[in-house]
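Worksheet for the structure shown next.
The values are calculated or read from the model by the stated rules, or taken from the named source; none is laboratory data. Note that this is a predicted model, so its numbers are computed, not measured. Cβ sites come from the backbone with ideal geometry, for glycine too, and all protein chains shown count toward neighbours. Side chains included, ligands, DNA and RNA excluded: accessible areas come from the protein's heavy atoms. Shrake-Rupley method; radii C 1.70, N 1.55, O 1.52, S 1.80 Å.
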Amino acid sequence: MKVPRRSARQKNLQKDAEKEEAINLLEQKENTEEVVERSKDEETAVEEENFVESPVVSDDDDEDFSDDDGSLGESGSEDSHLSGEEDVFVSSDGEDSFDAKSDDVSGNGASGSGRDDTEHGKDDDAESDDSRTVVEESDSSEDEVDPRNTVGDVPLKWYKEEEHIGYDLAGKKIKKKERQDKLDSFLASVDDSKNWRKIYDEYNDEEVELTKEEVKVIKRLLKGKAPHADFDPYAPYVDWFSWDDSKHPLSSAPEPKRRFIPSKWESKKVVQYVRAIRKGLIKFDEKPKEEPSAYLLWGDDSSAIDRQGLAYIPAPKPKLPGHEESYNPSLEYIPTQEEINSYQLMFEEDRPKFIPKRFTSLRNVPAYEKAVNENFGRCLDLYLCPRARKKRINIDPESLKPKLPSRKDLRPYPTLCYLEYKGHKGPVVSISTESTGQWIASGSSDGTVRIWEVETGRCIRIWELGESVSHVSWNPLPERPILAVCMGEDVYLLNTGLGNAEEQKSLEELLRVETPSTPDDSDNDKTAVNWVQDDKHGGIRLKHFKTQRIPFKLHGLPVSTAFHPSRSAFFISTKKNIRVYDLLKQKLIKKLETGVREVSSIAIHPGGDNLIVGSKDGKLCWFDMDLSSQPYRVLNCHPKDINRVAFHRSYPLFASSSDDCTAYVFHGMVYSDLNQNPLIVPLEILRGHASENGRGVMDCKFHPKQPWLFTAGADSVIKLYCH
């Protein structure tokens, strides 16, 4: 069936109808846009009159914040697209859309109307682009607002205790604002409708109120969108690798095999990392250590210990100079001449190292005489300090104590006061026991010498010498009971009257001195000692006219002397040292360094190889002369001066007496085996004497045969301690 052809007139009529319909559609679109814009202006006017901010903004209102000037939002579009069957019109706010169906449009008419609408849409796009506000970015530093606080990156916690928080551009302090009560600030924030837009700036100590534009930017950023509303996230893609005559991609090579086969090298690396983690070679720190940006210049170098490890010992820091080291210190730091003279009497370790002086200017300060020594000492500190710290070994402190025998196994030794000898009227300075142990002699500062019977305490003989006695001593031979008494510069040899008739007869002949018939007054023949018969006291008196020069050179005044019990050796002690001389060869054998403040007395062991020394600082030193010239053992037993020390002749005992009114008894065993050290054990503290004028026990002597101890005190009493 053939379709009849339409005439040219019919075609022209159809085209005119299509044009009229397209024009009507465009007019309808313009009317709708005007209505939408008018309604939007009315709504914004109402919102400005009744505007109440709220901290909660819905997703639907997001476009209102971004399109206040009537520009196009993200969900809206200004382009009007005319399809063959439906026309969609979208308003500028992206909320209302209008559809218009054209049932009669078809064929060429539809294509013609579509062309006209497309051109009209392009004109609208141009107009909307001109009306849109373009946000320009600027990198100029002039646009930035300078902060009010100029402290920089200094932590604000440093200003926590201060009254200010920093400094402004003029260098003035920025005072801290007074803090409001939390309850008052909360009530004020509830009443303030704009409180949700206020932020506290801790850096400048002020509250900042955000503007509407800043709130919009923050909301968009929280939603993950671009800060500016006119940013197009879906810009058209520009293919830089496309050209007109392209036939092949950039590379026509096939995909390599390594892209879809697992790498063996990567698997080996993973295994190595796993093994290192299991062995602990790789450790993961949960929280990285934050190193402080600032540190104390003169503080403790604790960070160096962390860097070097636990075994690192930091170098000692020198003492900082104070007011005394100033070239012009205040008068209170400058010592007087009396204080400077008193420094010379002090010990070297107690003497101040630096004496401050005053100078008018720094130019007048002389060179420091100890600069080289102090620099050398500082270099030694730095050189010897980096040594490793050893690990402490867990040892029981009780195991470090020496295993001493029990005191019960070391008996007998004196423990109790058995007898007292009273009769002297002054302090008893010296006592001496007779070799048989039956008699004891004592000398006192009251000028008397007495002889006592040991077992009964009876005084059998008294000599009135009229001068203070300094020392008494018995003759070691029992068949010749002669007593030597030292008094001032003279020495008396007294006949005690003990023994049988034959012994007394021999003593009288021995103690008889013939006086020269013609005295010679020449100085050349005059001796240092003069022997004079003393009939009043029954003995001989030795008068010393001048001191005989000792054939030994001493560095200091002699304090105490003693003879070796078996060899021809002589011990002389000064305040600091003890020298041992050979009497036959007249030369020095050994010099002993005591290390005490001042030596007071010495005593020789009956074996002759050991020596004890008492000092005025309460220290008792034991010397093993075959071992060393330094003390083998130093005992800090007495709090006051030690006056006398003594050894027992047959028992392994030695004792010391002090001004603290006590006498200490020790066990001192010396072995014949040279590889075994002497055994020293403290046994007993004997008390009972009273203090007199600050003096206590003046002398102590052991009984020659029994483990008994005699003590002479400043209270004019002699005590006998027995086991």
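Ordering Tyr651, Tyr237, Tyr273 by accessible surface, largest first, gives Tyr237, Tyr273, Tyr651; the 1.4 Å probe counts only protein heavy atoms, with every chain in place. Accessible surface for Ser293 stands near 110 Å², nearest 10, in the context of the full protein assembly shown (1.4 Å probe).
Past 25 Å, Cα to Cα: identify those pairs from Lys543/Lys705; Lys317/Lys353; Lys157/Lys283, in the order given.
With Cα atoms farther than 25 Å apart: Lys543/Lys705; Lys157/Lys283.
Between Lys212 and Glu290, what FRET efficiency follows from the Cβ-Cβ distance if R0 is 45 Å, with the result rounded to 0.05? Efficiency, from the Cβ-Cβ distance: 0.70. Once both labels are positioned 7 Å from their Cα atoms along Cα-to-Cβ, the gap between Asn24 and Ser326 label points is 10.8 nm. For segment 438-492, the list of trypsin sites (Lys or Arg not before Pro) that fall in a loop by DSSP and count at most 14 other C-beta atoms within 10 angstrom reads Arg458.
Computed with a 1.4 Å probe over protein heavy atoms only, the accessible area of Tyr327 comes to about 90 Å². Restriction of the GluC sites (Glu not before Pro) in segment 337-443 to DSSP coil positions whose beta-carbon has at most 12 other beta-carbons within 10 angstrom yields Glu348, Glu349, Glu369. In terms of accessible area, using a 1.4 Å probe and ignoring ligands and nucleic acids, Ser263, Ser672, Ser615, Ser399 rank largest first as Ser672, Ser399, Ser263, Ser615. Packing around the peptides 408-419, 157-168, taken as the average count of other Cβ atoms within 10 Å per residue, puts them in this order, highest first: 408-419, 157-168. Measuring between alpha carbons in the structure, the pairs from Lys408/Lys719; Lys422/Lys616; Lys319/Lys370; Lys425/Lys640; Lys553/Lys701 lying more than 19 angstrom apart are Lys408/Lys719; Lys422/Lys616; Lys425/Lys640; Lys553/Lys701. Within segment 650-698, the chymotrypsin sites (Phe, Trp or Tyr not before Pro) that combine a DSSP coil assignment with at most 15 other C-beta atoms in a 10 angstrom radius are Tyr671. Largest accessible area first, the residues Met346, Met698 order themselves as Met346, Met698 under a 1.4 Å probe with ligands, DNA and RNA left out. The label-point distance for Glu502 and Asp582, in a model that sets each label 7 Å from Cα toward Cβ, rounds to 4.1 nm. Principal axis extents of the Cα atoms in segment 396-482, from largest to smallest and rounded to whole angstrom, are 62, 29, 23. With each label modelled as a point 7 angstrom along the Cα→C-beta vector, the Asn530-Val154 pair spans 9.4 nm.
Given a 1.4 Å probe and the protein chains as shown, Lys269 ends up with an accessible area of around 70 Å². You can think of it this way: the chain between Ala690 and Ala371 has 109.4 nm of extra reach, that is 0.36 nm per residue less the Cα-Cα gap.
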